[in-house]
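J.: Shown below is the structure under consideration.
Since every read-out is calculated from the coordinates, none of them should be taken as a lab result. These numbers were taken from a predicted model, which means no experiment stands behind them. Cβ placement follows ideal geometry from the backbone for every residue including glycine, while neighbour counts extend to all protein chains displayed.
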Amino acid sequence: MDITALTEKAILLRQRFGAAARKKGKQAWSREEVMQGFVGDVGDLMKLVMAKGGRREISDVDPKLAHELADCLWSILVLAKLYEVNLEQEFLKMVETVSEKLEAGSRAKPVKRRRS
């Protein structure tokens with residue numbers, strides 16, 4: 001599945017969340033609230049990463065980690081759509097820019113330091 005199809009599924013899920021909220025007399029989340037949810041998911045992801053590194057005790061960490069990564073991806077796909085960012089294009093541009101900088105850095109001569 002490509003990024004366009006993933007984004008379509010993410011937006012469909014967002015619409016379903018909105019419909020469920022309206023049934024309860026609430027509003028669908030704004031862009032800012034989606035971002036707040038993402039920040040919470042990143043915090044949850046950090047705890048799971050810590051558990052994978054032996055810094056926390058969390059049972060069944062692997063499926064929880066996979067789920068949290070998927071939650072974070074959902075937020076990013078939805079935010080990109082809500083802010084009209086072509087995520088695929090911007091990702092490829094970023095990879096190219098960073099790759100060029102890394103390539104240029106590997107060709108640079110190391111700076112010699114004088115000892116005092």
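J.: Work out how much length ALA104 to ARG31 would gain on full extension: take 0.36 nm times their residue separation and subtract the Cα-Cα distance, in nm to one decimal.
T.: Numbers: separation 73, 0.36 × 73 = 26.28 nm, distance 3.76 nm.
Extra length available between ALA104 and ARG31 comes to 22.5 nm.
J.: Pick from ALA21, ALA104, ALA66 the residue whose mean-square fluctuation is largest in a GNM of the chain, springs joining Cα atoms under 10 Å.
T.: Result: ALA104 has the largest fluctuation of those listed.
J.: Let me ask something additional. Mind checking which lysines have their C-alpha under 22 Å from LYS112, skipping anything on the same chain fewer than 8 residues away?
T.: Excluding near neighbours in sequence, the set is LYS101.
J.: Can I ask one more? In whole Hz, what ³J(HN,Hα) sequence does the range 24-33 give by Karplus (6.51, -1.76, 1.60; θ = phi - 60°), x for Gly and Pro?
T.: 8, x, 10, 9, 5, 4, 6, 4, 5, 6
J.: Taking only DSSP H segments of four or more residues, each worth -39500 (n - 2.57), what value at 222 nm results for the chain once the sum is divided by all its residues, to the nearest 500 deg cm²/dmol?
T.: Roughly -26000 deg cm²/dmol at 222 nm, from the helical runs in the chain.
J.: What is the Cα radius of gyration of the range 34-96 over 2.2 N^0.38 Å, N being its residue count?
T.: 1.32
J.: How would you rank ARG31, ARG14, going from fewest to most other Cβ atoms within 10 Å of each one's own Cβ? Before the final figure, lay out the partial values.
T.: Values: ARG31 12, ARG14 19.
Fewest to most other Cβ atoms nearby, the residues stand as ARG31, ARG14.
J.: Right, something else. With a Förster radius of 30 Å, plug the Cβ-Cβ distance of TYR83 and ARG113 into 1/(1 + (r/R0)^6) and report the FRET value to the nearest 0.05.
T.: Here the calculated transfer efficiency is 0.10.
J.: Percent relative contact order of the chain, based on C-alpha pairs within less than 8 angstrom and at least six residues apart?
T.: For the chain, the relative contact order is 27 percent.
J.: How many angstrom lie between the C-alpha centres of the range 78-108 and the range 1-58?
T.: If we compute the Cα centre of each part, the gap is 23 Å.
J.: For the range 63-116, what are the per-bin percents of Cα-Cα distances with bins 5 Å wide, up to the bin holding the maximum?
T.: Bins of 5 Å from zero give 4, 15, 12, 13, 13, 12, 9, 7, 6, 5, 3, 0 percent of pairs.
J.: A further question follows. Percent of Cα-Cα pairs per 5 Å bin, from 0 to the last occupied bin, for the chain, please list those.
T.: 2, 10, 13, 14, 14, 13, 12, 8, 5, 4, 3, 1, 1, 0, 0
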